[in-house]
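Read the structure below first, then the notes.
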Amino acid sequence: MSILYCLYEHAAGFSVFSVKEFEEVSMFLPQVESSVTDFAKFNSIVKLAGFAPFKTAIAALENINAISEGIVPQDLLHFLDDFFAKLKKKKCTLGIADAKLGAAITEAIGVQCSQVGVVPEILRGVRFHFAKLVKGFTDQSAGVAQLGLGHSYSRAKVKFNVHRSDNMIIQSIALLDQLDKDVNTFSMRIREWYSYHFPELVKIVPDNYMFAKAAKFIKDRKNLSQDLLEDLEKIVMDSAKAQAIIDAAKMSMGMDISIVDLMNIELFAERVVKLSEYRKKLSTYLHNKMNLVAPNLQSLIGDQVGARLISHAGSLTNLAKYPASTVQILGAEKALFRALKTRSNTPKYGLIYHSSFIGRAGLKNKGRISRFLANKCSIASRIDCFLDQPTSVFGESLKQQVEDRLKFYESGDVPRKNIEVMKEAIEAAGQEAGANGTAAPQSEKKKNKKKKRAAGEDETEANGSSNGNGAAAEAADNGNGNDDGEPKKKKKKKNKNKEAVQA
């Protein structure tokens, strides 16, 4: 007869509860569901068998992080090992809420785990009556422990990977788009406002940023003389334009303007200049942030298009999950659903239309190059999302592939195969990692694997010698000349059996 124990993970520690008459209780599941809230009935079936409190808040956070990922922490492993070692009963079942964690526990200590049947209702009752089931525990102390652990767990999740946070990219590109609209609107206003006094300046200085700086510098056109030519030349970056402005100011058709109006125009022009300069700084910040978070996507399609793709998807992880067909029409959802509703042609591109590759392609090849570019964007976003050490090697290789495809559409030159390009990119990334000194973790992993293999071989040799077959096993190993020879043969046999079954 199997005895059921239920594992419950609380903010204060790990606890194991014993369930009496497990098989009889499981037959009356509806009655168990109705009696879970009654402590007297529930306590007659479920009782505390073991409790291991957390020593510190940091230990509690480390354990809960491991459990949330389906990994058995060392504290839980030692607790369950000691608990089941004391039991001399042969058949024991451990009820658990998470199937993934249950599989890890079964693999670690060999105890059968279950998460079906009456187990969820038992755990629900334990959660409801936990403060009463554990002596010396109150609802207030349980609430304090849960609140503290909840705050620290949420804080750790929010702070996860600060340097590669894509939220800053999403906010930056949104602010950059808003600044573009505002600067354009304000520039139109300053042009119209100052043109009452100096209308000829609009034609001489067409650039918005230079016009605002020139208006701020000139102020009253009557005070503009030949002495200010050098300063005006620094603003408009052209000596001919500076001389033309001075000449136009002498015979301008504009109206006279009061000092108060000039002061307001000057203040507004200064605000437009500062906004334009801030826009340049924000663009530099976005470039640096993209270089940290998504260097390959940045190398492939640029800062702003890549940032817009990440912003529209919600995060870099979401963009990496999208297939290439979704990336291709990302940003053209209205046109897509309208086309599906009216049964007309679906859009060929969305946000990636702003990439220079599609503008350079011919009219017939725009759809083809957009499909190819979306494929490469999908690959680049996945590399950026899952690569530990950021590098732009892959993005540059993918960009060269798109360039070769454009040449193929124009001249018919056959591009290189993708597998060759990726092999070169992997080699270049390995060389770059070696130069930066980041190749050490891989070598350590290889060393650990070799140690595990050596330990496994020692165990098999020890078992073979105890059975009297140690010499034969050593001879077989020496004859093969390969540590992994026997497992490979076994895999081949399995494959042959599978092929025979399929045939």
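Testing the spin-label approximation: label points 7 Å from Cα along Cα→Cβ at K91 and K321. State their distance in nm.
Rounded to a tenth, the inter-label distance reads 4.2 nm.
Just to verify a number: FRET efficiency for R124 and E69, C-beta to C-beta distance, R0 = 22 Å, to 0.05?
Using R0 = 22 Å, I get an efficiency of 0.40.
So, in nm, how far is label N291 from label S344 when the simple model puts each one 7 Å beyond its Cα toward the Cβ?
Taking the simple label geometry, N291 and S344 are separated by 4.4 nm.
With a ≥ b ≥ c the root eigenvalues of the C-alpha gyration tensor of region 46-95, is it rounded (a/c under 1.5), prolate (a/b larger than b/c) or oblate?
prolate
Can you tell me the dipole magnitude for region 168-284 around its Cα centre, using point charges on the Cβ only (Lys, Arg +1; Asp, Glu -1), in Debye to the nearest 20?
Result for region 168-284 is approximately 240 debye, rounded to the nearest 20.
What distance in nm lies between label points placed 7 Å from Cα along the C-beta direction at F408 and N167?
Going from the F408 label point to the N167 one covers 4.2 nm.
Working out 0.36 nm times the residue gap between E62 and D177, then minus their Cα-Cα distance, what length gain in nm do you get to one decimal?
Contour length minus the Cα-Cα distance gives 37.3 nm.
Here are some pairs, K280/K376; K241/K280; K341/K417; K289/K321; K100/K132; which of them have Cα atoms lying more than 32 Å apart in this structure?
Among K280/K376; K241/K280; K341/K417; K289/K321; K100/K132, the Cα-Cα distance tops 32 Å for K341/K417.
Treating only the Cβ atoms of Lys and Arg (+1) and Asp and Glu (-1) as charged, compute the dipole magnitude of region 3-158 about its Cα centre; round to the nearest 20 debye.
My answer is approximately 320 debye.
Can you tell me which of 311-318, 176-183 comes out highest on packing, and rank the rest after it, using the mean Cβ neighbours within 10 Å?
Averaged packing, sorted descending, gives the order 311-318, 176-183.
I'd like the FRET efficiency for L267 and H354, computed as 1/(1 + (r/R0)^6) with the beta carbon distance as r and R0 of 30 Å, rounded to 0.05.
With a Förster radius of 30 Å, E is 0.30.
How large is log10 I(q)/I(0) at q = 0.10 Å⁻¹ when the Debye formula is applied to the Cα atoms of region 3-158, each weighted equally and without solvent?
-0.35
Out of A104, G50, Q146, whose Cα points farthest toward the positive end of the dipole of region 3-158 (charges: +1 Lys, Arg; -1 Asp, Glu; placed on Cβ)?
With unit charges placed on the Cβ atoms, the residue in question is G50.
Kindly identify region 168-284 as rounded, prolate or oblate by the Cα gyration tensor criterion: order the square roots of the eigenvalues as a ≥ b ≥ c, call it rounded if a/c is under 1.5, otherwise compare a/b with b/c, prolate if a/b is larger, else oblate.
Prolate, because a/c is 1.5 or more and a/b exceeds b/c.
What is the percent of Cα-Cα separations in region 294-434 that go past 22 Å?
39
Rounded if a/c is under 1.5, else prolate if a/b beats b/c, else oblate: with a ≥ b ≥ c from the C-alpha gyration tensor eigenvalues square-rooted, which is region 82-189?
Prolate.
Each reported figure results from applying straightforward, stated rules to the coordinates on display, with no laboratory input. Treat the numbers as computed from the prediction; the structure is a model and nothing was measured. Reconstructed Cβ throughout: ideal geometry from the backbone, glycine too, with neighbour counts over all protein chains shown.
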